[in-house]
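Peer 1: Quick one: this structure, given as structure tokens, is what I'll be asking you about.
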Amino acid sequence: MTNLIYRQQIEPSDLEAISAIVKSSGFFSTAEIDIALELAKERLAQPDASSYRFLFAEDEKRVVGYTCYGLIPATSYSYDLYWIAVLKDLCGQGLGKLLMAKTEKLIRADRGRQVYVETSSRDQYQPTRNFYESCGYHQEAFLKNFYSEGDGKIIYAKILE
């Protein structure tokens, strides 16, 4: 991907972009989409108090991908990656890896040492798990039947160097 612009400042128009990006995957329920929007709304409403941080990738003034991350409360240097998503028609072109690398760089700049990310154990999330592993994350935990019967939570971690 060339000619991408990255920015951390969230804007009200990003709510529509986040919704479109998350919906485009076809993976997420309405409740999950609402959660993605809640995090952005909190950051917009309380920019200084919110622990949620964002990184947006824009191509020709259109948001094509984003991450949402933050310091885990009551930790010194552990971060959660809450969301990483790109428009479905751009998947497989390296944008996700660029966003991940830039997000990790921002976390390191904030003295973060490790990142945690979680995903579903359902078969449809195998590409997501492959992506995390290709970015150097390893499975740290598996919580059986976490989301629902037969749908566990897999927690990945990466030590930042």
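Values quoted throughout were computed directly from the atomic coordinates according to the rules given, and no laboratory measurement underlies them. Keep in mind it's a predicted model, so treat the numbers as computed, not measured. All Cβ positions, glycine included, derive from the backbone under ideal geometry; neighbour counts span all protein chains shown.
Peer 1: Go through the residues of the range 68-79 one by one and say whether even a single one is aliphatic (A, V, I, L, M), surrounded by fewer than 20 Cβ atoms within 10 Å (Cβ to Cβ), out of contact with any Asp or Glu (no Cβ under 8 Å at 6 or more places or on another chain) and over 18 Å from LYS105 (Cβ atoms). Give the derivation first.
Peer 2: We begin by selecting, within the range 68-79, every residue aliphatic (A, V, I, L, M); these are 71-72, 74.
With the extra rule that they be surrounded by fewer than 20 Cβ atoms within 10 Å (Cβ to Cβ), the set shrinks to 71-72, 74.
The next check asks that each one be out of contact with any Asp or Glu (no Cβ under 8 Å at 6 or more places or on another chain); those that pass are 74.
Okay, now just the ones that are also over 18 Å from LYS105 (Cβ atoms), so 74.
The answer is yes, given that some residue of the range 68-79 is aliphatic (A, V, I, L, M), surrounded by fewer than 20 Cβ atoms within 10 Å (Cβ to Cβ), out of contact with any Asp or Glu (no Cβ under 8 Å at 6 or more places or on another chain) and over 18 Å from LYS105 (Cβ atoms).
Peer 1: Can you pull out every residue in the range 1-50 that is under 14 Å from the mean Cα position of the chain (by Cα) and either of a type in the set (S, T, N, Q) or farther than 28 Å from GLN126 by Cα (or both)?
Peer 2: GLN8, SER19, SER25
Peer 1: Restricting the range 137-161 to residues that are within 17 Å of TYR69 (Cα to Cα) and without any contact (Cβ under 8 Å) to a residue 40 or more places away in the chain, which is surrounded by the most Cβ atoms within 10 Å (Cβ to Cβ)? Break it down into steps so the answer makes sense when it comes.
Peer 2: The first filter runs over the range 137-161 and keeps only residues within 17 Å of TYR69 (Cα to Cα), leaving 137, 155-160.
The next check asks that each one be without any contact (Cβ under 8 Å) to a residue 40 or more places away in the chain; those that pass are 137, 155.
Working: TYR137: 20, ILE155: 16.
The extreme case among them is TYR137.
Peer 1: Within the range 14-35, track down each residue that is within 20 Å of LYS61 (Cα to Cα) and in contact (Cβ under 8 Å) with a residue 40 or more places away in the chain.
Peer 2: If we filter the range 14-35 for residues that are within 20 Å of LYS61 (Cα to Cα), which is where we start, we get 14-24.
Within the range 14-35, ASP14, ALA17, ILE18, ALA20, ILE21, VAL22, SER24 meet the criteria.
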